[in-house]
C-alpha cells in the first residue's frame, strides 16, 4: 500500500535551468495538491489538480510555474528558468475522490536547490 | 482572513511533561482542523484532526481542544517523549469552497530526556 511518491527527492539546478518535479498519488486517489515550504516556514498551497484538469491554481506564481496531471502518469510541477528564490521543499499531497478532499496525505517532498 | 496563526514558534519540554501548541483563525468558513507532524527531511504526516461540532478529540497521548466562539484550537501532547521531537503544524480547511489546507507557521518541539 504505497503512499504518495515524489521524485526526485533532491534536485539541484543552476539559475536559468528548468526543474521538473513528479508526484504519483496514493492508489485510488484522484486529487493532487502541490505545496511549497520555504525554510523555517509552513507549507503554502500552490495548485490543486484532478486528472487532466487544473481546479485551483491561486497559489501559483504567475510566471515560470506550471502544473499538470495527465490521464496517464504522474503529476508534474514544472519551474522554468529557476532563480535562487525557488529553492524550497515542494510537497505533493493526494486525497480520495470528492467528499473527503480534506484528508490530504503528503509525500516525502522534493528539495530543490538553485545554485 | 485566510491566515492561521500558530504559537509558540518553538517549545522545549521535559520528558513526561505536557506540550501545548495554540492556533487561531479568522475565517468562519473553515470546518476541518488537522494537525500535522513533520520530522526533518520528511513530509508532513496527519496526526489528529477535529471538526467544529466537537470541543475536544483525543487519540492516545494527543488531544485537540477546540473553542469555536474564540476561533482557537490547540494541540496537547501528554507525557511528552523525546520521539515526539518534531515540527508541528496546525491547518484549516473549508469544504465549502477552497480545497486547500491553510497551514500555520509551525512549532518546533524539543523534548529533553
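The values are calculated or read from the model by the stated rules, or taken from the named source; none is laboratory data. All values derive from a computational prediction rather than experimental measurement. Note that each Cβ is placed from the backbone with ideal geometry, even for glycine, and that neighbours are counted across all protein chains shown.
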(message) Need the failing condition index for residue A:88 against (1) in contact with a strand residue (DSSP E or B) (Cβ under 7 Å, 6 or more places away or on another chain); (2) closer than 28 Å to residue B:50 by Cβ, just the number.
(response) (2)
(request) Report, by residue number, each residue of the range A:19-30 that is surrounded by fewer than 22 Cβ atoms within 10 Å (Cβ to Cβ) and within 13 Å of chain B (Cβ to nearest Cβ). (result) A:26, A:30
(message) When you check residue A:94 against the structure, is it surrounded by 18 or more Cβ atoms within 10 Å (Cβ to Cβ) and under 24 Å from residue B:86 (Cα atoms), yes or no?
(response) yes
(request) Tell me which residues, restricted to the range A:6-43, are modelled with pLDDT of 95 or more and more than 11 Å from the chain's Cα centre (by Cα). (result) A:8, A:9, A:10, A:11, A:12, A:13, A:14, A:15, A:16, A:17, A:18, A:19
(request) Please enumerate the residues belonging to the range A:1-18 that are under 14 Å from residue A:89 (Cβ atoms), surrounded by fewer than 18 Cβ atoms within 10 Å (Cβ to Cβ) and within 11 Å of chain B (Cβ to nearest Cβ). (result) A:9, A:10
(request) Confirm whether residue B:71 is within 25 Å of residue A:59 (Cβ to Cβ) and surrounded by 14 or more Cβ atoms within 10 Å (Cβ to Cβ). (result) yes
(request) Keeping to the range B:75-105, report how many residues are outside any strand (DSSP E or B) and more than 7 Å from chain A (Cβ to nearest Cβ). (result) 12
(request) Give the residues of the range A:47-75 that are over 17 Å from residue B:92 (Cβ atoms) and within 14 Å of another protein chain (Cβ to nearest Cβ), sorted by residue number. (result) A:47, A:49, A:50, A:53, A:54, A:55, A:57, A:60, A:67, A:69
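Here's the yes/no breakdown for (1) over 29 Å from residue A:31 (Cβ atoms); (2) over 10 Å from the mean Cα position of the chain (by Cα):
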position: B:61; (1), (2): yes, yes
position: B:66; (1), (2): no, yes
position: B:71; (1), (2): no, yes
position: B:75; (1), (2): no, no
position: B:99; (1), (2): no, yes
(message) Residues that are within 11 Å of chain A (Cβ to nearest Cβ), at least 1 per element: which strands (runs of 3 or more DSSP E) completely within the range B:26-66 meet that?
(response) B:33-38, B:45-50
(request) List the strands (runs of 3 or more DSSP E) that sit entirely inside the range A:4-48 and contain at least 3 residues that are farther than 18 Å from residue A:83 by Cα. (result) A:5-7, A:19-24, A:31-37
